[in-house]
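To keep things clear, I will list the structure first and then write my remarks on it.
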Amino acid sequence: MDEILQQKLNVLKSYIKELGSLAVAYSGGVDSTFLIKVAYDVLGDKALAVTARSSTYPEREFNEAIKYIQEIGARHIAITSEELDVDGFSSNPIDRCYYCKKELFQKVWKVAKENGIDHIADGSNYDDLNDYRPGMKAAQELKVVSPLKFAKLTKKDIRALSKEMGLPTWNKPSFACLASRIPYGQLITREKLSMIDKAENFLIELGFRQLRVRHHGNIARIELGEKDYEKILNRDLMKKIAAKLKDIGFTYVTLDLEGYRTGSMNEVLKENTQ
């Protein structure tokens with residue numbers, strides 16, 4: 001293992017050991033899976049994974065999270081955290097994630113206290129300091145620790161260490177809640193979330209990996225990772241995708257020429273500050 005990576009891992013383990021007990025807001029993604037694995041290795045049964053089910057969290061992601069945590073062996077509790085019932089969330093303001101994370105962390109804290117756990121953690125990593133993350137405010141207010149950020153572990157570091165540990169998530173595509181596919185200011189509804197979920201599931205079933213289907217009213221804007229572009233540039237396949245997404249409820253189906261990029265919905269915020 002790379003010496004710098006080993007040092008960061010040692011810092012992470014020491015930090016978690018000092019906490020004594022830890023409940024991790026666990027989604028089954030690259031970061032939270034790695035974090036609960038290390039926490040379980042260090043703390044044993046004093047580490048707890050807590051997964052929140054909601055309409056913004058696809059069932060496929062929940063099922064994968066269950067599979068991964070069973071393989072790790074850590075204690076796990078699933079809860080319900082319905083963001084659409086939270087005041088201020090469905091109107092989709094630019095600080096939407098604040099309301100979502102506040103609701104989530106309050107519920108994770110409740111579970112933690114019921115199970116004798118003294119701290120709760122999120123899976124944010126060192127790279128997240130460079131992006132617009134209003135959820136961090138909720139984490140600070142509710143005293144949520146971020147061990148991966150403390151250890152200065154980047155996404156690349158976490159993938160490398162996950163691979164070293166044999167975690168199946170080491171090369172899993174990045175995921176964000178389905179609400180992030182809807183432009184700020186446009187109402188978030190269960191119908192829109194369902195359309196996005198069905199469209200993305202269909203593309204995944206076709207073999208595409210890193211993708212987003214952005215919901216712009218009656219327009220579906222598909223973002224694909226660089227490796228998937230050659231595959232989609234097939235006339236018959238494009239017709240098949242267009243037909244399916246129209247059947248789901250979209251009128252127009254478009255392909256974003258810039259491809260997949262994290263936080264593309266935040267680009268409008270950057271434009272407004274220039």
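The values are calculated or read from the model by the stated rules, or taken from the named source; none is laboratory data. Everything numeric in this text was worked out from a predicted model, so none of it was measured. Quick reminder, even Gly has a Cβ in these numbers, built from the backbone with ideal geometry, and neighbours come from all protein chains shown. Accessible surface areas use protein heavy atoms only, side chains included; no ligands, DNA or RNA. Shrake-Rupley method; radii C 1.70, N 1.55, O 1.52, S 1.80 Å.
List of remarks:
- Test: Phe150 is out of contact with any Ser or Thr (no Cβ under 6 Å at 6 or more places or on another chain) and closer than 18 Å to Ser27 by Cβ: no
- Candidate set from region 55-75 (those that are open to solvent by 20 Å² or more (accessible area, probe 1.4 Å) and among the small types (Gly, Ala, Ser)); member that is modelled with the highest pLDDT: Gly73
- Matching residues, region 28-70, being outside any helix (DSSP H, G or I) and of a type in the set (Ser, Thr, Tyr): Thr51, Ser54, Ser55, Thr56, Tyr57
- Filtering region 160-179 to residues that are outside any loop (DSSP other than H, G, I, E, B) and surrounded by fewer than 19 Cβ atoms within 10 Å (Cβ to Cβ) leaves Ala160, Lys163, Glu164, Met165, Pro168, Trp170, Asn171.
- A single member of Leu224, Leu161 is among the hydrophobic types (A, V, I, L, M, F, W, C) and outside the structural domain of Ser55 (by the TED database), and it is Leu224.
- Residue match in region 11-22 (condition: touching an Asp or Glu at 6+ places or on another chain (Cβ under 7 Å), modelled with pLDDT of 95 or more, of a type in the set (Ser, Thr, Tyr) and open to solvent by less than 50 Å² (accessible area, probe 1.4 Å)): yes
- Of the set (1) assigned by the TED database to the domain that holds Ala112; (2) part of a helix (DSSP H, G or I); (3) among the aromatic types (Phe, Trp, Tyr), all apply to Tyr132 but (2).
- Residue check, Lys198 in the same structural domain as Leu237 (by the TED database), surrounded by 16 or more Cβ atoms within 10 Å (Cβ to Cβ) and either touching a residue at least 12 places away in the same chain (Cβ under 8 Å) or part of a helix (DSSP H, G or I) (or both): yes
- Residue ID - farthest from Arg181 (Cα to Cα), chosen from residues in region 80-108 that are in contact with a strand residue (DSSP E or B) (Cβ under 9 Å, 6 or more places away or on another chain), part of a helix (DSSP H, G or I) and without any contact (Cβ under 8 Å) to a residue 60 or more places away in the chain: Lys107
- Which listed residue is of a type in the set (Phe, Trp, Tyr), open to solvent by 50 Å² or more (accessible area, probe 1.4 Å) and either touching a Leu at 6+ places or on another chain (Cβ under 7 Å) or not assigned by the TED database to the domain that holds Pro183 (or both), from Tyr126, Tyr26, Tyr98: Tyr126
- Scan of region 180-191 for residues that are surrounded by fewer than 19 Cβ atoms within 10 Å (Cβ to Cβ), of a type in the set (Lys, Arg) and in contact with a strand residue (DSSP E or B) (Cβ under 8 Å, 6 or more places away or on another chain), ordered by number: none
- Put simply, of Gly166, Gly135, Gly207 the only residue that is without any contact (Cβ under 8 Å) to a residue 40 or more places away in the chain, of a type outside the set (A, V, I, L, M, F, W, C) and within 20 Å of Ser54 (Cα to Cα) is Gly135.
- Counting only residues that are part of a helix (DSSP H, G or I), modelled with pLDDT under 95 and open to solvent by less than 100 Å² (accessible area, probe 1.4 Å), region 229-247 holds 3 of them.
- Residue within region 80-88 that is under 19 Å from Ser194 (Cβ atoms), open to solvent by less than 50 Å² (accessible area, probe 1.4 Å), in the same structural domain as Leu142 (by the TED database) and over 17 Å from the mean Cα position of the chain (by Cα) present: yes
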